[in-house]
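The values are calculated or read from the model by the stated rules, or taken from the named source; none is laboratory data. Values in this document were obtained by computation on a predicted structure and should not be read as measured data. Positions of Cβ are generated from backbone atoms using ideal geometry, with glycine treated the same way; all protein chains shown enter the neighbour counts. Ligands, DNA and RNA are excluded from the accessible area calculation, which covers all protein heavy atoms including side chains. Shrake-Rupley method; radii C 1.70, N 1.55, O 1.52, S 1.80 Å.
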Amino acid sequence: MPLVYIGLFLISVSIYSQETKEIQADKIVVIEGKKNQESQTNQKFISGSNVEIDLESSKNRYTSLPEILEREAGLRVRSFGGLGSYSTLSIRGTNPNQSRYYVDGIPFTNAQSGEVNLADLPFDNLEAIEVYKSGVPFGFTGSSIGGALNLRTMKPIKNSTRVNLGGGSYNTGKLSISHSNTNQDKDFGYTLFALTEKSDQNYSFLNDKGTILLNTLDDTIDRRKNAWFERAQGSGSFFWDWKGTEIKLFTDVNHRRLGIPGPGNNQTEKTQRKYTKYTAGLSTNTKEFLFEQLQLETRTYFTTFEDTFFDPRSEFSSGRTNANTNSDTKGFQLSPTIYLLDYYQILRFSMNAEKEDFRRDRRNSDHVKLESEPIRNRRHGNFQVEDEIQLFQKRFFLIPSFSYDDYQDVFEDNGRYMNKTTKLFNPRLGLLWNIYQISDTKFGLKGNANRASRVASFLELFGERGQILGNSNLRPEISLNKEIGIFLHTQFYKISSKSELTWFRKNIQDMILFVPNSQFSLRAENVDRAIINGFEFSQILDWRDWKGKINYTYSIAKNDSESPALRGKYLPLRPVNEVYSSLQYKLYNFDIGADFTFIGAVFRDRTNEFVNYLPARDLYGAFISYSFNKKETGEDWKLGLDVRNITDKKFSDLIGYPLPGRIWYLNLSMRF
């Protein structure tokens, strides 16, 4: 045993004689022996603050990815409008471009802006959402200051078909169909899915005419224009267990057309966007490769998207208004795991090679191609090592690891090639201590300390012609992250309880911001620092037919730069307090529930001016559903009604982009 762990041994020796056969931390179950241990898309982050959101019950209601995420502690969604609008996610007070996104382990984040629109992500074909608030888990490529999201698609089950038909406010409608099946031996299966959805989103809002608090006499109630969207999605996955190797093929096509409404005091009428993304991935998992102690996982993936912007009247932009963007990403990942259980260790390795190409054409108002921008590409190599050390009969886990990233960025400008090389080394130390575990009760502690980073995006490095100047000397953003938390999972008197309390701190250096370079241009610079402190509390209670949940986040996110005008100021759009609670009751075939959301006051600018102060808001929602079960045939039909923002409050996350008031949805789910 390494000397560095002797001290930990002495501290914990009192628990050495206690027995345990299973240790579970959030998502990951570590079971004695190798053959029973599950490994799904390399989810081995047992020391982290992980949340797995099971979406089975959500399929009976009309909901969306942003609505599901904003219910969780430490997550904050910012939207430019209602359903289908541009939305981003902030994890523990970090910027949206400081988190990474995956679909079945396939990277979704693009190098152009680094920011992901939640409305572009698949949702209805998912089985679960995995939220990693402690950073990127081992086996997923890249590093993240904020955290990571992995969207896990549905697994095949025996001969099951589900049809969802929903509709509601603002001419909203959705139809989805899924079918899955397996053979008798369950070593082959498939899942097919198709969806279509549309909405006008022409809700009423308070138009302040751009004079927020200075002049309220000119305020009027107007109706949102050009906020419509249409989307269609089709996906399929195929599973095959061949001679001890699990093989999965996944493919997905997502197409969206939508209006770009512009700010409330200057709405557009004809500005549109068309977005199509194709994703394909092939993964394998061999539990005994070459010898019994070696497990080998591979992943090969390809993604491509086309994003077309139409602004024929120059309502949203000026100059050469239309554009057509294409991006391709291809990659391969190899992840061997060596089980040295006789030495109380599991060694994990992961190697990834990836290339992303970005192309854009500038077009006129008739969408005729005028010029092609220089091609930009990024080559990314990633190497990770993790050592899971199991002590005291698997009651104490110590997990040191590191990740090494090599980025090679190339940008062509008038026949000249600009190159940018960035190398990142990010170590991490995690621990999990199951202090007490007996029967249905488990109490423990877990924590992490790590160095995380974000490499500059293409937009920051190479700029945008005529508007943003490139800066190839940008340094990566660096954050020193720490967290420690306790958890208690127990059952007593038919009450199931799960409680978690976690303290976290992020010290972010060299934050990249766009600063004025002249009257008409911006330039990205490493000019900002931030310190984010806070804690999260989560409580889930199940008692007979009652289910209750409460999530609370307290976070102080302040600027730590050297500028006297900014130092000590709150970061924009970061509330100090956030609360989400829900209560659900099952009465015969009825499910009745209500929820409450509180979002604290925020400033919408860096200098915390009073004119940009946004007061706290509270939202109320309710739902009811009725189930038509036919046990003799296995059919399950559910009809549900959802009402959100019952008090019809008018508010917005961002200046000029109002959110909808009261919304209702009706949904019929049929499974047979």
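Hey, among Lys44, Lys59, Lys34, which residue is at negative phi, part of a loop (DSSP other than H, G, I, E, B), modelled with pLDDT of 50 or more and among the basic types (Lys, Arg)?
Going through Lys44, Lys59, Lys34 in turn, just one is at negative phi, part of a loop (DSSP other than H, G, I, E, B), modelled with pLDDT of 50 or more and among the basic types (Lys, Arg): Lys44.
If you check Arg428, Arg475, which single one turns out to be under 28 Å from Gly139 (Cβ atoms) and part of a loop (DSSP other than H, G, I, E, B)?
Arg475
Residues checked against (1) open to solvent by less than 60 Å² (accessible area, probe 1.4 Å); (2) within 30 Å of Thr268 (Cα to Cα):
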residue: Tyr301; (1), (2): yes, no
residue: Thr308; (1), (2): yes, yes
residue: Ser317; (1), (2): yes, yes
residue: Asn322; (1), (2): yes, yes
residue: Asp328; (1), (2): yes, no
residue: Leu334; (1), (2): yes, no
residue: Asp342; (1), (2): no, no
residue: Glu371; (1), (2): yes, yes
residue: Ile375; (1), (2): no, no
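Would you point out which residue out of Trp503, Trp543 is open to solvent by 60 Å² or more (accessible area, probe 1.4 Å), closer than 23 Å to Gly621 by Cα and either in contact (Cβ under 8 Å) with a residue 40 or more places away in the chain or not β-branched (Val, Ile, Thr) (or both)?
Sole residue among the options that is open to solvent by 60 Å² or more (accessible area, probe 1.4 Å), closer than 23 Å to Gly621 by Cα and either in contact (Cβ under 8 Å) with a residue 40 or more places away in the chain or not β-branched (Val, Ile, Thr) (or both): Trp543.
Only one of Glu578, Glu609, Glu562 is open to solvent by 50 Å² or more (accessible area, probe 1.4 Å), within 30 Å of Asp648 (Cβ to Cβ) and acidic (Asp, Glu). Can you tell me which?
Glu609
Please enumerate the residues belonging to the stretch 121-143 that are among the aromatic types (Phe, Trp, Tyr) and surrounded by fewer than 23 Cβ atoms within 10 Å (Cβ to Cβ).
Correct list: Phe123 only.
Within the stretch 436-443, is there a residue that is surrounded by 17 or more Cβ atoms within 10 Å (Cβ to Cβ), in a strand (DSSP E or B) and at pLDDT 85 or above?
Yes, there is a match, as at least one residue in the stretch 436-443 is surrounded by 17 or more Cβ atoms within 10 Å (Cβ to Cβ), in a strand (DSSP E or B) and at pLDDT 85 or above.
Going through the stretch 82-120 one residue at a time, which ones are closer than 25 Å to Lys198 by Cα, part of a loop (DSSP other than H, G, I, E, B), open to solvent by 10 Å² or more (accessible area, probe 1.4 Å) and of a type outside the set (S, T, N, Q)?
Correct list: Gly82, Leu83, Gly84, Tyr86, Phe108, Glu115.
State yes or no: is Leu290 out of contact with any Cys (no Cβ under 8 Å at 6 or more places or on another chain), under 30 Å from Gln345 (Cβ atoms), of a type in the set (A, V, I, L, M) and without any contact (Cβ under 8 Å) to a residue 24 or more places away in the chain?
When the stated conditions are applied, Leu290 passes them.
Could you run through the stretch 236-261 and say how many residues are surrounded by fewer than 19 Cβ atoms within 10 Å (Cβ to Cβ) and under 30 Å from Ser365 (Cβ atoms)?
Matching residues across the stretch 236-261 total 3.
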